[in-house]
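*Asks:* Okay, here's the structure, questions in a sec.
The values are calculated or read from the model by the stated rules, or taken from the named source; none is laboratory data. Please read these numbers as outputs of a predicted model, since none were measured by experiment. We place every Cβ from the backbone using ideal geometry, glycine too, and count neighbours over all the protein chains shown. Keep in mind that these areas ignore ligands, DNA and RNA; they rest on the heavy atoms of the full protein, side chains included. Shrake-Rupley method; radii C 1.70, N 1.55, O 1.52, S 1.80 Å.
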Amino acid sequence: MKNHYDKGFVTQEDRQYTKSLIEKLNVSEIISDELVDQYIHTRALIDETELETIFSCNQEFDYQGIVISCERLKKLLNPEIVSALNAIPKKRIWLLYDPKEYNVNKILEQNFGDKIKKREVSVSENERISEQFICFYPNILVEFVEKTEKVFDRPITTFEGRIEFDSDIIKTKMDKIIDEYEISFSLSECKCQ
């Protein structure tokens, strides 16, 4: 598997720091500007619970739309993330996925069928997905890999990666993807046949 961030896994200090930030975000009824400022700096991503937090707190961040590129989209789309995506109003969401993933089209239809029909969610198949990321364009980019560890002699797969909050770096990285997939965040734009 290809790493899209600096090699080396998350240190215990990074894990503790990020965990405390996530707990603060999850328990706060009103998220302060100070907490958002603490949160938005480039650092390691600890696991999928942080992804869930980003999605559930998405209204705290400024972005035009979302692009998700994932080899195993079904694993990423857990109930919390699906619920958060379905609750996002007036933002275009792009899902780039491998159509060979078992049952993925059925899962997409079940979870996003209405949003796909309304063109609030756009899907694009690519059998050669080389990068796994979630981008709240142009301000947040999460690049990740799946990491398998043995816990009680059973393999457990988690996400690990890096999260960036610099719109210039993100824009540079995303311009190629946006061109390649002809991505537009406009909800009114329709590529009607």
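*Asks:* Check SER184, SER124, SER188, SER130 and return the single one that is of a type in the set (Gly, Ala, Ser) and open to solvent by 90 Å² or more (accessible area, probe 1.4 Å).
*Replies:* Matching residue, one of SER184, SER124, SER188, SER130: SER188.
*Asks:* Restricting to the stretch 59-91, what's the tally of residues that are open to solvent by less than 20 Å² (accessible area, probe 1.4 Å) and not in a loop (DSSP other than H, G, I, E, B)?
*Replies:* Looking only at that region, the number is 12.
*Asks:* Next up: Which residues, counting only those in the stretch 27-55, are in a loop (DSSP other than H, G, I, E, B), open to solvent by 30 Å² or more (accessible area, probe 1.4 Å) and touching a Leu at 6+ places or on another chain (Cβ under 7 Å)?
*Replies:* Within the stretch 27-55, SER28 is the sole residue that qualifies.
*Asks:* Considering the stretch 25-52 alone, what residues qualify as being within 30 Å of GLU109 (Cα to Cα) and either modelled with pLDDT of 85 or more or more than 18 Å from the chain's Cα centre (by Cα) (or both)?
*Replies:* To start, the set of residues in the stretch 25-52 that are within 30 Å of GLU109 (Cα to Cα) comprises 26, 45-52.
Residue satisfying the conditions is GLU52 alone.
*Asks:* Taking the stretch 154-168 as the search range and keeping residues that are surrounded by 15 or more Cβ atoms within 10 Å (Cβ to Cβ), outside any strand (DSSP E or B) and not hydrophobic (A, V, I, L, M, F, W, C), which one is modelled with the highest pLDDT?
*Replies:* ASP166
*Asks:* Answer yes or no: is there a residue in the stretch 98-107 that is surrounded by 16 or more Cβ atoms within 10 Å (Cβ to Cβ), in contact with a helix residue (DSSP H, G or I) (Cβ under 7 Å, 6 or more places away or on another chain) and either over 19 Å from GLU146 (Cα atoms) or without any contact (Cβ under 8 Å) to a residue 24 or more places away in the chain (or both).
*Replies:* yes
*Asks:* Just one of (1) touching a Lys or Arg at 6+ places or on another chain (Cβ under 6 Å); (2) under 13 Å from ASN126 (Cα atoms) trips up GLY65, so point out which.
*Replies:* (2)
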